[in-house]
Amino acid sequence: MTLPTDGTEAVAAAFRTEFGRAVSVLYRSLGDLDRAEDAVQEAFAVAVARWPVDGVPAAPAGWIITTARRRAIDRLRREAVGREREAEATELLALATSLESTDTGPVSDDRLRLIFTCCHPALGPEARVALTLRLLGGLSTAEIARAFLVPEATLAQRISRAKAKIRQARIPYRVPSAADLPGRLASVLAVVYLIFNEGYSASAGDRLVREELCAEAIRLARLLAGLLPEEPEVAGLLALLLLVDARRPARLSGDDAMIALPDQNRALWDAALIAEGHAIVRRCLVLGRPGPYQLQAAIQAVHDEAARASDTDWRQIVTLYDQLLRVQPSPVVALNRAVAVAEAAGASAGLTAAEPLREPLADFYLLHGVRAGLLARVGRDVEAAEEYDAALRLCGNASERAFLERRRGLLPEG
Amino acid sequence: MTQYLLSVYQPDGPIPEPEVLAAIGEDLGRLNDEMRAAGAWVFSNGLLPPSSSTVLRPDGDDVLVTDGPFAEGKEHLGGFTIVDVPDLDAALAWGKRLAVAATLPIEVRPFA
């Protein structure tokens, strides 16, 4: 096996950080996502060939964008020659000329516009996720398809339909007005959070691809936090992702079974990520504009603060869940609160808190998993076994199933 | 500029009381005036019930005439507005105003 040369590594590094930026810049001048994407793809192919030989350029981002722009101009000229209708050829040549005149100039950053376009509420939620990963993250359709366990053809079609809608319905390429920003930003943050959760929660499928999803979500959250420093919810989302991702090394056992928070080896947690997350949560607190992501980050910060599970300040967590329920009233949040209540005030109190959720969350495996654990703790083993069975019927995730089966096996025979 | 069709979808069944309809009509009138003032208005009108429609189908060299509507559903096209605006966000902004005024769902679709 030969080690990759510096040039090859540099291309790989530039790809992750610069693909989205290059697409965003090219899309602004070309007005066509397919053309922008193809040109950037070609520029990276040139980089793969040239950088190991010529050395890494001083400004890799600028090099990629300049190369992509030249490729786009070449292609427009070639296509113009083949056009029957003179009007079309003239249009393509005019575009090529206008691109050429913008060739020298500072490299701007259009990624914020691009992410608002990719996460536009007029696109379906699945399309938003796929487009964001493809155009901003540079993930291939094959990689995205593997991560979401859908056939590649389905995923490719999802992306091309979304691009066609952006073009046909004229979804604008700009950062929304101040009036629209809160709603539109919520859609963007939801996409980033979904990408992270998909990578973090499921163990089915390719583990490396899933870790790449988490890394990509954190990259996007960092990018957004840098571009929108005035929005505490963006910072809150970044902190939340960092504080949850910090526990990844302790989360799965050797055989890929999930390890619950209290049983994790906390020495394996990533102290640097926790420190960064904590610092962001503290900065958010000062701003005094709490929102769902900031509150969830604060809850994770309390967990990560405890050196041992038994040191966890559960009262503080219950208080934070009370606040979260006020801004985001949902039965799933209430279930998480019930778990915290059980730790702060005992399993019976937890069961009481979970009681009103039995109907709305009847089809949610975690409701049954949580109730099973609490029932076992108060010695109601028969009901606990029934709830474990219900949870196992509803849960499709292999490592979480393994966890539930292990717990079910710990119940006394009866 | 792009033209967008804002279709108003109305549930089948009884229509609201006259006084409710009158209030909706006033709101729609005010919205149309605003659209005109902003230079976005192209056309707007309501439709009579689907039972008033007639369907024509090509059939060889002939065209068959039948009683409408074209498709039976739970909703029908109640009316529509056409706006001429720079992009989808502008069309959606008018569409939201229309949904509120009409108290009904709106479908926004670009013309070719």
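The values are calculated or read from the model by the stated rules, or taken from the named source; none is laboratory data. All values reported here derive from a predicted model rather than from experimental measurement. Here Cβ is always computed from backbone atoms with ideal geometry, including for glycine, and neighbour counts include all displayed protein chains.
Just checking, which of A:ALA45, A:ALA61, A:ALA12 is under 27 Å from A:VAL209 (Cα atoms) and touching an Asp or Glu at 6+ places or on another chain (Cβ under 9 Å)? Steps first, answer last, please.
Working: A:ALA45 fails: touching an Asp or Glu at 6+ places or on another chain (Cβ under 9 Å); A:ALA12 fails: touching an Asp or Glu at 6+ places or on another chain (Cβ under 9 Å).
Criteria check complete, one pass: A:ALA61.
Restricting attention to the stretch A:168-187, report how many residues are more than 8 Å from every other protein chain (Cβ to nearest Cβ) and either within 23 Å of A:GLY31 (Cβ to Cβ) or part of a helix (DSSP H, G or I) (or both). Walk me through it before giving the result.
The first filter runs over the stretch A:168-187 and keeps only residues more than 8 Å from every other protein chain (Cβ to nearest Cβ), leaving A:173-175, A:177-179, A:181-187.
Filter again for either within 23 Å of A:GLY31 (Cβ to Cβ) or part of a helix (DSSP H, G or I) (or both), leaving A:173-175, A:177, A:181-187.
Number of matching residues: 11.
Considering only the stretch B:77-106, state which residues are part of a strand (DSSP E or B) and either more than 14 Å from chain A (Cβ to nearest Cβ) or not aliphatic (A, V, I, L, M) (or both). Let's see the steps before the verdict.
Here is the first cut: in the stretch B:77-106, the residues part of a strand (DSSP E or B) are B:77-85, B:106.
Answer for the stretch B:77-106, where residues must be part of a strand (DSSP E or B) and either more than 14 Å from chain A (Cβ to nearest Cβ) or not aliphatic (A, V, I, L, M) (or both): B:LEU77, B:GLY78, B:GLY79, B:PHE80, B:THR81, B:ILE82, B:ASP84.
Assess whether A:TYR200 counts as being within 14 Å of another protein chain (Cβ to nearest Cβ) and either touching a residue at least 24 places away in the same chain (Cβ under 8 Å) or in a loop (DSSP other than H, G, I, E, B) (or both). So that I can check it myself, show each step before the final result.
Working: within 14 Å of another protein chain (Cβ to nearest Cβ): no; either touching a residue at least 24 places away in the same chain (Cβ under 8 Å) or in a loop (DSSP other than H, G, I, E, B) (or both): yes.
Answer is no for this residue.
Quick test of your reading of the structure: A:THR117 fulfils all but one of (1) modelled with pLDDT under 95; (2) within 14 Å of another protein chain (Cβ to nearest Cβ). Name the failing condition by number.
That leaves (1) as the condition not met.
Take the stretch A:25-58 and flag every residue that is of a type in the set (Gly, Ala, Ser) and touching a Ser or Thr at 6+ places or on another chain (Cβ under 9 Å).
Filtering the stretch A:25-58 down to residues of a type in the set (Gly, Ala, Ser) leaves A:29, A:31, A:36, A:39, A:43, A:45, A:47, A:49, A:55, A:58.
Of everything in the stretch A:25-58, those that are of a type in the set (Gly, Ala, Ser) and touching a Ser or Thr at 6+ places or on another chain (Cβ under 9 Å) turn out to be A:SER29, A:ALA36, A:ALA39, A:ALA43, A:ALA47.
For the stretch A:251-270, give me each residue that is closer than 21 Å to A:TRP314 by Cα and small (Gly, Ala, Ser).
Step one: filter the stretch A:251-270 for residues closer than 21 Å to A:TRP314 by Cα, giving A:251, A:259-267, A:269.
Within the stretch A:251-270, A:ALA260, A:ALA267 qualify.
Might you check whether a residue that is on the phi > 0 side of the Ramachandran plot and either within 25 Å of the chain's Cα centre (by Cα) or surrounded by fewer than 17 Cβ atoms within 10 Å (Cβ to Cβ) (or both) occurs anywhere in the stretch A:17-31?
Looking only at the stretch A:17-31, we keep the residues that are on the phi > 0 side of the Ramachandran plot, and these are A:31.
From the residues that got through so far, the ones that are either within 25 Å of the chain's Cα centre (by Cα) or surrounded by fewer than 17 Cβ atoms within 10 Å (Cβ to Cβ) (or both) too are A:31.
For the stretch A:17-31, residues on the phi > 0 side of the Ramachandran plot and either within 25 Å of the chain's Cα centre (by Cα) or surrounded by fewer than 17 Cβ atoms within 10 Å (Cβ to Cβ) (or both): present.
Report, by residue number, each residue of the stretch A:239-273 that is within 22 Å of A:ALA190 (Cα to Cα) and assigned to a helix (DSSP H, G or I). Give the steps one after another, and end with the answer.
Taking the stretch A:239-273 as the starting set, the residues that turn out to be within 22 Å of A:ALA190 (Cα to Cα) are A:239-248, A:273.
Residues satisfying the conditions are A:ALA239, A:LEU240, A:LEU241, A:LEU242, A:LEU243, A:VAL244, A:ASP245, A:ARG248, A:LEU273.
Give B:ASP12, B:ASP87 a once-over and let me know the one that is farther than 21 Å from A:GLN168 by Cβ and in contact (Cβ under 8 Å) with a residue 40 or more places away in the chain. Walk me through how you get there before you give the answer.
On the way: B:ASP87 fails: farther than 21 Å from A:GLN168 by Cβ.
Answer to the check: B:ASP12.
Among residues belonging to the stretch B:85-112 that are among the charged types (D, E, K, R) and surrounded by 17 or more Cβ atoms within 10 Å (Cβ to Cβ), point out the one that is nearest to the chain's Cα centre (by Cα).
First, the residues of the stretch B:85-112 that are among the charged types (D, E, K, R): B:87, B:89, B:96-97, B:107, B:109.
Retained after the next criterion (residues that are surrounded by 17 or more Cβ atoms within 10 Å (Cβ to Cβ)): B:87, B:89, B:97.
Working: B:ASP87: 19, B:ASP89: 19, B:ARG97: 13 Å.
The extreme case among them is B:ARG97.
Any residue that is among the β-branched types (Val, Ile, Thr) and either assigned to a loop (DSSP other than H, G, I, E, B) or not assigned by TED's automatic domain parsing to the domain that holds A:GLU18 (or both) - is there at least one of those in the stretch A:39-52?
Here is the first cut: in the stretch A:39-52, the residues among the β-branched types (Val, Ile, Thr) are A:40, A:46, A:48.
Keeping just the survivors that are either assigned to a loop (DSSP other than H, G, I, E, B) or not assigned by TED's automatic domain parsing to the domain that holds A:GLU18 (or both) gives none.
So far as the stretch A:39-52 goes, no, none of its residues is among the β-branched types (Val, Ile, Thr) and either assigned to a loop (DSSP other than H, G, I, E, B) or not assigned by TED's automatic domain parsing to the domain that holds A:GLU18 (or both).
For the condition among the basic types (Lys, Arg), farther than 21 Å from A:PHE44 by Cβ and modelled with pLDDT of 85 or more, what is the one hit in A:ARG71, A:ARG77? Show your work before the answer.
Numbers: A:ARG71 fails: farther than 21 Å from A:PHE44 by Cβ.
The match here is A:ARG77.
Kindly indicate the residue of the stretch A:279-298 that is in contact (Cβ under 8 Å) with a residue 24 or more places away in the chain and more than 12 Å from A:LEU237 (Cα to Cα) and also farthest from the chain's Cα centre (by Cα) among those meeting that condition.
Looking at residues that are in contact (Cβ under 8 Å) with a residue 24 or more places away in the chain and more than 12 Å from A:LEU237 (Cα to Cα), I get A:LEU287.
Across the stretch A:63-102, what is the total count of residues that are over 22 Å from A:ALA49 (Cβ atoms) and buried (at least 18 other Cβ atoms within 10 Å of the Cβ)?
Number of matching residues: 6.
For the structure I just gave you, tell me whether A:GLU91 is assigned to a helix (DSSP H, G or I), not assigned by TED's automatic domain parsing to the domain that holds A:GLN168 and not small (Gly, Ala, Ser). Before the answer, list the steps.
On the way: assigned to a helix (DSSP H, G or I): yes; not assigned by TED's automatic domain parsing to the domain that holds A:GLN168: yes; not small (Gly, Ala, Ser): yes.
Yes, satisfied.
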